[in-house]
Structure formats: structure tokens, C-alpha cells
Amino acid sequence: MSTSSATTSAVRLQYEPAIDGLRCVAVCLVLLFHGGWSLFSGGYVGVSLFFTLSGFLITSLLVVEYETNNKISLRAFYSRRVRRLLPASLFCLILVSIWAWQNQFSGTVDVRGDVIASALQVANWRDLAQGQSYGELIGAAQPGPLDHFWSLSIEEQFYWLWPVVMLWVARRGKTHQSRSRSVYSLTGLAMIAAPVIAWVWGDNAAYWSTPARFGEILVGASLAMWVRQPRRQRTHWSSWGWFGLLVVLISAATWSSNSGPAYHGLLPLFAVASAGTILGAMSLGSFRNILSARPFVEIGRRSYGIYLFHWPVFVLVTDRTFDISRYALFAIRCVITFAIAGLSFMFFEQPIRRRVMSHQRTFAYATAVTIALTVGALVFIPRDQALFASAVETGSVSLADREKPESGSPATNGTESPLRIVILGDSTAVALSSGLVSWATDDLTRARVAVVARNACGFARATSIEDNTGGFRRDCDEALGPNLDTALELHPEVAVLMVGLADSGPLTWEKQEGPLKPSDPTFIAHLEEDYDSLLEQLRDAGVNRVAWVLVPAPTSWWLGNLGHAPDSLRTDITNELILHTAKEFPDFVEVIRLDEWLGAREEGENREWRPDGLHLSQESAKRVMDEFLGRILVQN
């Protein structure tokens with residue numbers, strides 16, 4: 001190992017514009033996916049394409065360096081990576097920290113922890129420890145501005161480890177062929193490890209953990225070794241590019257963000273298609289020519305910054321910021337993202353990368369800024385922002401009184417400190433929580449909100465017939481277990497409960513009973529027991545009162561979206577049980593008749609409130625809070 005670059009010749013790869021064109025494809029897929037385009041529900045495969053590209057390029061650099069200098073300088077490699085990646089990364093984290101300090105991300109779970117984990121390059125392990133799936137993370141009512149840093153952490157962990165491995169491979173192998181076989185073997189092991197990790201440790205480990213994702217990167221490393229074999233002919237590689245791109249686009253269009261190959265450890269197989277696109281980009285032909293077009297290349301050159309800055313921009317710039325169509329909103333988000341990334345590239349990243357600086361000074365500056373950022377996050381980003389978002393509109397009405405207060409009457413919750421609210425429930429609660437958080441951020445002195453709601457998770461400790469693998473049950477146990485426990489540690493005063501079809505069956509509590517329908521007395525007995533248990537847990541934790549919001553039955557147009565007729569009777573039975581349960585806790589539980597209030601406004605075919613027939617839109621959820629529910633929650 002060399003510890004100095006003084007005698008090491010500069011190592012550069014021949015520039016290939018089409019590789020930047022591939023980066024453009026990858027980052028555009030991610031933008032479309034995060035922009036909510038249904039045609040690109042699997043657009044996260046763009047990250048996998050980035051992984052394979054990184055493995056190919058980094059391994060190529062290391063191979064060329066060893067073949068040129070007969071050694072690999074670890075200090076020089078790490079210095080180059082630091083100068084290439086850390087400036088923009090730390091700049092992004094500093095901006096997010098400043099915005100968080102200014103309460104721009106109220107409602108987001110633990111921005112401070114996200115900043116620190118991202119700065120220390122362990123964001124993926126933090127996400128895994130928190131137990132949420134990737135789909136849940138980005139689909140949250142208030143997603144975090146650094147939810148995308150998990151992939152950067154995996155790449156950075158690879159950059160720290162792989163040069164050491166390649167140094168061992170280079171010293172062990174006498175020829176390029178023998179060194180290639182070592183890399184192929186490591187790639188094979190990584191490809192096998194991914195589905196094993198999924199099988200043993202579950203879906204989330206398959207997506208978040210570094211060992212499960214190394215297979216995709218090492219496919220690129222193996223490709224780098226293969227293309228440098230002596231007498232390797234590049235004939236017909238262009239056709240591999242088109243085939244690989246077709247697989248990438250089909251996957252992006254058909255895969256789900258919550259399930260599928262990505263959660264079963266099969267992305268290393270997808271990486272073979274990514275490798276095909278790299279082959280095509282290196283071969284003369286139409287594929288390379290198209291990817292080498294200047295617009296693709298310029299976007300690709302800035303793709304790192306685009307990826308870094310796009311998600312904080314998407315989180316900050318929403319339909320609450322601009323009252324425009326989703327297409328115009330996506331365009332504005334992209335324009336802002338490209339502008340920030342372009343400025344960062346021109347005035348920040350490139351000057352630092354080109355500046356002559358010793359390795360020691362590079363490491364010293366990087367370490368100092370990282371430490372300063374970590375300390376700054378600890379000092380300036382509020383701890384209680386980790387779970388609660390400030391602000392809720394106030395009102396002076398009693399919980400039972402739903403009439404609008406007279407004009408000019410005082411509006412106060414009777415306390416100087418903000419009201420602490422936690423919301424629990426299934427997707428109907430998730431939909432309402434978007435309005436609750438938005439309503440909360442209107443005034444930073446009124447209340448704070450914790451969102452524990454999760455899609456498909458009601459309060460029944462049972463398994464639905466659609467949950468073939470038990471994944472939903474595990475997620476729901478986590479939501480009502482560790483996640484709720486964490487929320488209760490911050491002593492919420494009000495708990496908002498809301499559940500729709502998740503508790504409306506068929507559900508299985510005991511295997512010997514089989515699936516039970518709401519019309520079955522045993523179903524009602526089990527569900528009543530679960531409801532009582534939850535309410536007792538909330539009361540024992542010190543919650544002052546529960547506002548249980550009744551969900552309106554699905555509308556007639558819910559049929560077209562689900563493909564089967566909704567059973568409104570199921571919802572009616574569940575709501576009757578909620579009313580019965582509330583009577584058993586008369587001084588603790590108040591039933592909020594959103595079903596009646598919304599029913600008076602949702603007449604005929606009016607789809608303004610619930611466009612899909614079940615869930616409130618972001619706009620209508622905000623209206624529910626402003627016009628109905630908000631003033632109920634903040635009274636004593």
C-alpha cells in the first residue's frame with residue numbers, strides 16, 4: 001500500500017460522455033418516482049443503476065492505477081473521493097440543518113438524527129433500525145428531507161471498503177485473469193447473500209442493509225474486470241445497451257415501491273441489465289450516440305447534485321406552496337433542483353475538486369466540517385422536533401361542542417405550551433395527518449403533532465387475508481409497538497384515532513378460527529378487546545383524552561379504483577363498535593362524527609373531498625382541520 005501520492009502518476013479513465021448520459025437516465029427515473037408519477041412506480045431502480053455504475057467506474061480506476069503504477073494508493077483514492085463527494089453532500093446537509101433550525105420541516109421525524117446519520121455515512125443503517133420500509137418512508141404524510149441519503153451512505157461505505165479489497169486482490173493475483181476470477185467470486189457471493197438476507201432478516205434488511213446491496217455494485221465491478229480482459233472485442237455491445245435499457249424501463253414502470261424484487265434480494269439480478277446499458281454506452285452505435293447528446297451529458301454531469309438536492313426541494317415545495325396542477329408543481333420542483341445543483345456544480349463542487357490540496361489538508365478539512373456539522377445539529381436542531389411538529393390552530397369550544405365559535409371570541413387552548421397531539425390509524429389516518437401537519441404548521445406556538453399512522457394498519461391485532469407473508473402484520477406491530485411507545489414518551493395530551501377498512505375484515509386472530517367477518521360475533525369480541533387494550537394503554541401513558549374520528553363509508557366511485565364493490569356494512573359495523581367502546585370510557589373518549597359532517601358536504605357525485613372514494617386529499621384534509629376538527633382538538 002502506498003501512503004503518498006508524490007511518486008504516483010495521475011490516474012484517469014478515458015472520458016465517455018455516454019456514461020454521463022446513463023447517469024441522466026438514472027437520476028431522471030428517481031425524479032419521476034419521487035414526483036409521484038404512477039407510470040414510474042418502480043423508478044427507484046435508478047438508484048440501482050447508479051450503484052452498478054459506481055462499481056464499474058471505481059473498479060476501473062483502481063485497475064488502471066494498479067496496471068499503471070503497480071500499486072494502489074489508498075490515501076490518494078480516499079482523497080479523490082472526499083473532494084468529489086463531500087463538498088456537495090456537506091453543503092446539502094448544512095442547508096437542511098439551517099432549514100430545520102428555522103422549523104421548515106415541522107412534522108418530520110427526527111431531522112437532527114437524520115443529519116447526523118447522513119454526515120457519518122450510516123443513514124441506511126439508521127433507516128433499517130427504525131423499521132420502516134422505503135415505500136412507507138417516502139409516502140409518509142411529512143417525509144424527511146434526508147430520506148434519500150441512505151443510498152449515498154451505501155456507496156460511501158463501498159468506497160471505504162473496496163480499495164482495500166482490490167489491493168488484496170491485486171497482490172494475490174498474478175495476472176488480470178486471476179484477479180478477475182477473485183472479483184467474480186466476490187460478486188457471486190454478494191448476489192447470493194442478498195436473497196438470503198431477505199429470507200432471514202426480512203424485506204427491510206434486503207432493501208436497506210449494505211451487504212444486501214453490494215451485489216448490485218459488484219456486478220459493475222465484475223464488468224470492469226471483464227471489459228479489460230486482453231483481446232476483448234466490443235462488437236455487438238450496442239444491442240446489449242438497448243436490451244438493458246428496456247429491462248430498466250419496464251422495471252421502473254411495473255415494480256411497486258412497497259413490494260417485489262427489491263424486497264426479495266433480487267436487485268443484483270436487475271444489475272445485470274444495468275451492466276448491459278454500460279456495455280452499450282461503451283460501444284460504437286446508436287445507443288452510445290443518443291446517450292452522448294449534450295442535454296443528457298450535462299444533466300448526467302450534475303446528477304450527483306441533482307440527486308442530493310432534489311428531495312429536500314420536493315419536501316419543501318408542495319401543493320401547499322403553489323396552488324397549481326401536479327404537472328406544473330413537478331416542473332417547478334425540477335427547475336429549482338436543477339438550478340441549485342447547477343450552482344453547486346459550478347461554484348462549489350468543481351472549484352474544490354480542481355484545487356491543489358494535500359491529502360492531509362483534504363482529510364483535515366473534511367473531518368473538521370463533519371464534526372462542526374454534527375455538533376451544530378445537536379445544538380441548533382430542536383430535540384422535540386424529532387417526533388412533534390409545532391403548531392395547531394386554536395379554539396375555545398368544548399370537545400363535545402362542534403358549533404363554530406362566535407366571531408371575535410377568544411381562541412386559546414388555555415395553556416402557554418403547545419398542545420401535544422399523536423395520530424394513529426390506517427391509511428385514512430395517514431391521509432388526515434397530511435392536513436393535520438399542514439394545519440399545525442400554520443402557527444408554531446399552538447401545538448405539536450406526532451404521526452404514528454401507517455397504511456393498512458388498524459388497531460386489530462389480527463392478520464388480514466391479503467397479508468400472505470405476514471409483512472403487514474409485522475409493520476403494524478411495529479407501529480403500535482415501538483413507534484407508539486416512542487411517541488408516548490413525549491407525553492402527548494390528545495390522541496387522534498382513525499381507522500377505516502383495515503379493521504373491517506375479514507381478519508384472523510386465531511388460526512383455528514380462520515378468517516372472521518365483521519358480522520361474526522367472535523370478530524366483534526376480538527376487536528372490542530383490542531380497542532379496549534389500546535385505550536387503556538393510552539390512558540396509562542398519561543394521554544388526557546382521545547378523539548376517535550369516525551370514517552365515512554366508501555363512496556360509489558371507490559368501486560372503480562379497487563375493482564370490487566366496497567361493503568359499506570362493514571364500515572357501519574366497525575363504527576357502531578367504536579361508539580359502543582367510547583361509552584365504556586365516557587370521560588376519556590369522544591367520538592368525532594366526521595362521517596356525518598362530511599356526508600352533509602359530499603353530496604351526489606362530488607369528488608372534491610375524497611377523489612378516490614375513501615381517502616381525503618391533502619387539500620380536503622386541510623379543510624377538515626380548518627373547518628371542523630382543528631377547533632375541537634385544541635380545547636381543554
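The values are calculated or read from the model by the stated rules, or taken from the named source; none is laboratory data. These figures come from a predicted structure and were not determined experimentally. For neighbour counting, all protein chains shown are included, and Cβ atoms are generated from backbone atoms with ideal geometry for every residue, glycine included.
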- Based on what the data block shows, is Ser97 outside the structural domain of Gly435 (by TED's automatic domain parsing), under 25 Å from the mean Cα position of the chain (by Cα), within 29 Å of Met225 (Cβ to Cβ) and assigned to a helix (DSSP H, G or I)? no
- Task: Can you tell me which residue among Val499, Val494 is β-branched (Val, Ile, Thr), at pLDDT 85 or above, closer than 16 Å to Phe523 by Cβ and over 20 Å from the mean Cα position of the chain (by Cα)?
- Result: Val499
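Residue-by-condition table, conditions (1) at pLDDT below 95; (2) in contact with a Ser or Thr (Cβ under 9 Å, 6 or more places away or on another chain); (3) assigned by TED's automatic domain parsing to the domain that holds Phe338:
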{"site": "Ala271", "(1), (2), (3)": "no, yes, yes"}
{"site": "Ile290", "(1), (2), (3)": "no, no, yes"}
{"site": "Glu298", "(1), (2), (3)": "no, no, yes"}
{"site": "Tyr304", "(1), (2), (3)": "no, yes, yes"}
{"site": "His310", "(1), (2), (3)": "no, yes, yes"}
{"site": "Phe314", "(1), (2), (3)": "yes, yes, yes"}
- Message: Can you pull out every residue in the range 479-502 that is touching a strand residue (DSSP E or B) at 6+ places or on another chain (Cβ under 6 Å) and farther than 14 Å from Asp540 by Cα?
- Response: Val496, Leu497, Met498, Val499
- Is it true that Phe51 is aromatic (Phe, Trp, Tyr) and over 20 Å from Pro312 (Cα atoms)? yes
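Pick out the one residue from Asn544, Asn636 that is at pLDDT below 90 and either polar (S, T, N, Q) or not assigned by TED's automatic domain parsing to the domain that holds Asp503 (or both).
Result of the check over Asn544, Asn636: Asn636.
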- Message: Only one of Ala328, Ala262 is part of a helix (DSSP H, G or I) and free of Cβ contacts under 8 Å to residues at least 12 places away in the same chain. Can you tell me which?
- Response: Ala328
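For the structure I just gave you, tell me whether Ser239 is touching a residue at least 12 places away in the same chain (Cβ under 8 Å), outside any helix (DSSP H, G or I) and surrounded by fewer than 23 Cβ atoms within 10 Å (Cβ to Cβ).
No; evaluated as a whole, the condition is false for this residue.
I'd like the residue in the range 426-444 that is in contact with an Asp or Glu (Cβ under 9 Å, 6 or more places away or on another chain) and not in a helix (DSSP H, G or I) and, out of all such residues, is surrounded by the most Cβ atoms within 10 Å (Cβ to Cβ).
Here is the first cut: in the range 426-444, the ones in contact with an Asp or Glu (Cβ under 9 Å, 6 or more places away or on another chain) are 426, 435, 439-440, 442-443.
Imposing the further condition that a residue be not in a helix (DSSP H, G or I) reduces the set to 426, 442-443.
Values: Asp426: 25, Asp442: 14, Asp443: 14.
Applying the filter and picking the extreme gives Asp426.
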- Item | In the range 181-205, residue surrounded by the most Cβ atoms within 10 Å (Cβ to Cβ) [restricted to those that are at pLDDT below 95 and part of a helix (DSSP H, G or I)] | Asn204
